[in-house]
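Read the structure below first, then the notes.
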Amino acid sequence: MKKDTTKIEDALRQIEQLNIRLATLNAVSKIIRSSLNIDEMLNSTIDKILEAPEVDSAGIYLLNDGGKVFNLAAHKGFSANFINKPFMRSRKPDNGLLSQTLLDGKPKVVDNTLQTKSSDVDLLRKEGFQSAVYIPLTTKGASIGVMCVSSLNPNTFSSEFVEFLTVIGSHIGVAVDNANMYKNIKEAYQELKEVQEQIVWTEKLASLGKLAATIAHEINNPLAGVLNYTRLIIKQLSRNRFSHEKLEEISRYLKIMESETARCGEIVKDLLAFARRTKITMESNCIEDIINKTLNLISHELEIKEIQLIKNIASNLPKVKCDFKQIQQVLLNLIYNAIEAMSIKGTLTITANRTNGTKALLEVAISDTGCGISEKDMENIFEPFFTTKEEGKGVGLGLSVVYGIIAKHNGTISVESEPGKGSTFTIRLPCS
């Protein structure tokens, strides 16, 4: 009867151990699924492993990218003096059990540290540990690190427990590999983002180059007027004769000078605002304001080329959440393309209205009466470095940058064109 009771107690103990291990495996799986932060994931996993009664300490070593150095990535249960030894935090693979486990990908069990000769085991023995197990961390058939679990008692780790730790080791290996892939993708995305921002800035500089000559002409005219009126006033002052009529004339001159100087100031202010390099700021903006600011920069170009401007801006349009300067750059690029397509004379039409549909969208269309785009070129119109312009007149980034900016604003851009009749570019942006 006593033997039967003992058997039942042993069976219950085994069931209890099995339940604890299953709960630990479940918890580790949740930790691994919920985090791509390697440090957070490894430390939380070690905390769960230390809940097992057999375990007093655990450390996880990962190989660096070159596979030439072990780095201690996470640990619990060791003294500060033990961990702070230089070779504990980082070491080159040697003939110890740590390196052997990595090389053959099989667990190594040390039942008694007093009876095992190894550089790794010597260190554990001096720390007071009497048994240990080294578990390979594997992913895609390769070892990427080793987990060392140790106990203050000898003969602690059964084959079942080693198998349990091996399953955890394979989970950790896959999780570390996923976290590294995520890190690499994140870094690649950041690099791509920086390159894209640089391309946008380069295209902006190209637009500024085009604007410089136009604005120089536009500013020159009012400044010439101011200069002439200034000379006239000086002449009147030198005669020292101020009849009522002369004073009125001088007053009129001063008002013209004030108006023309203010116009120059506005032109320069708009140009500086467009040129200034700032962080992207998503705010609610009025699309009509953006259109008008853009046209202020380019109005003289339209006059020089005798292009008629038609604006059809619907009243009471909702605002759009956007970066003012980036959308201004989009409009500037599209308007410049329209002007270049028309060469001299023609009609530029800018339309803005709200679309009717389930999603509230603001639609801005820019139409020209220029040369149009062939059906063959339409397929590649938004591709980077694709251009139909003569060599030296463009590198084919303008429309690609436009497409990227609109996509970043969760909008869309489309084009309709007929060779010899003109083109219409339509952008649609979500309303605030």
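For segment 299-336, name all the residues that are more than 21 Å from Leu362 (Cβ to Cβ) and in contact (Cβ under 8 Å) with a residue 24 or more places away in the chain. Steps first, answer last, please.
Taking segment 299-336 first, the residues more than 21 Å from Leu362 (Cβ to Cβ) are 299-308, 336.
The answer is Ser299, His300, Glu301, Leu302, Ile304, Lys305, Glu306, Ile307, Gln308, Tyr336.
The single condition among (1) under 15 Å from Ser57 (Cβ atoms); (2) open to solvent by less than 40 Å² (accessible area, probe 1.4 Å); (3) among the aliphatic types (A, V, I, L, M) that Ala80 does not meet is (2).
Just one of the listed residues (Val121, Val28) is farther than 17 Å from Thr139 by Cβ, crowded, with 16+ Cβ neighbours inside 10 Å and of a type in the set (A, V, I, L, M, F, W, C), and it is Val121. Report yes if Leu98 is buried (at least 22 other Cβ atoms within 10 Å of the Cβ), closer than 14 Å to Ala58 by Cα, at pLDDT below 85 and in contact with a strand residue (DSSP E or B) (Cβ under 7 Å, 6 or more places away or on another chain), otherwise no. When the stated conditions are applied, Leu98 passes them.
In segment 101-118, the qualifying residues are those that are open to solvent by less than 50 Å² (accessible area, probe 1.4 Å) and of a type in the set (A, V, I, L, M, F, W, C), and the one that is modelled with the highest pLDDT is Val110. Applying the condition of being open to solvent by less than 20 Å² (accessible area, probe 1.4 Å) and assigned to a helix (DSSP H, G or I) to segment 391-415 and asking which residue is modelled with the lowest pLDDT yields Gly398.
For Asp323, the requirement of being within 29 Å of the chain's Cα centre (by Cα) and open to solvent by 70 Å² or more (accessible area, probe 1.4 Å) is not met. The one condition from (1) in contact (Cβ under 8 Å) with a residue 60 or more places away in the chain; (2) out of contact with any Pro (no Cβ under 9 Å at 6 or more places or on another chain); (3) part of a helix (DSSP H, G or I) that Val149 does not meet is (3). Just one of (1) part of a loop (DSSP other than H, G, I, E, B); (2) modelled with pLDDT under 80; (3) closer than 27 Å to Phe324 by Cβ fails for Thr388. It is (3).
Just need a number here: residues in segment 152-168 that are among the β-branched types (Val, Ile, Thr) and either within 21 Å of Ser119 (Cα to Cα) or free of Cβ contacts under 8 Å to residues at least 24 places away in the same chain (or both). If you could, list the steps in order and put the result at the bottom.
Initially, segment 152-168 is screened for residues among the β-branched types (Val, Ile, Thr), giving 156, 162, 166-168.
Filter again for either within 21 Å of Ser119 (Cα to Cα) or free of Cβ contacts under 8 Å to residues at least 24 places away in the same chain (or both), leaving 156.
Counting residues in segment 152-168 that are among the β-branched types (Val, Ile, Thr) and either within 21 Å of Ser119 (Cα to Cα) or free of Cβ contacts under 8 Å to residues at least 24 places away in the same chain (or both) gives 1.
The values are calculated or read from the model by the stated rules, or taken from the named source; none is laboratory data. Since we're looking at a predicted model, the values are computed, not measured. Every residue, glycine as well, gets a Cβ built from its backbone with ideal geometry; the counts of neighbours run over all protein chains shown. For the accessible areas, the whole protein counts, side chains as well, though only heavy atoms, and no ligand, DNA or RNA atoms are used. Shrake-Rupley method; radii C 1.70, N 1.55, O 1.52, S 1.80 Å.
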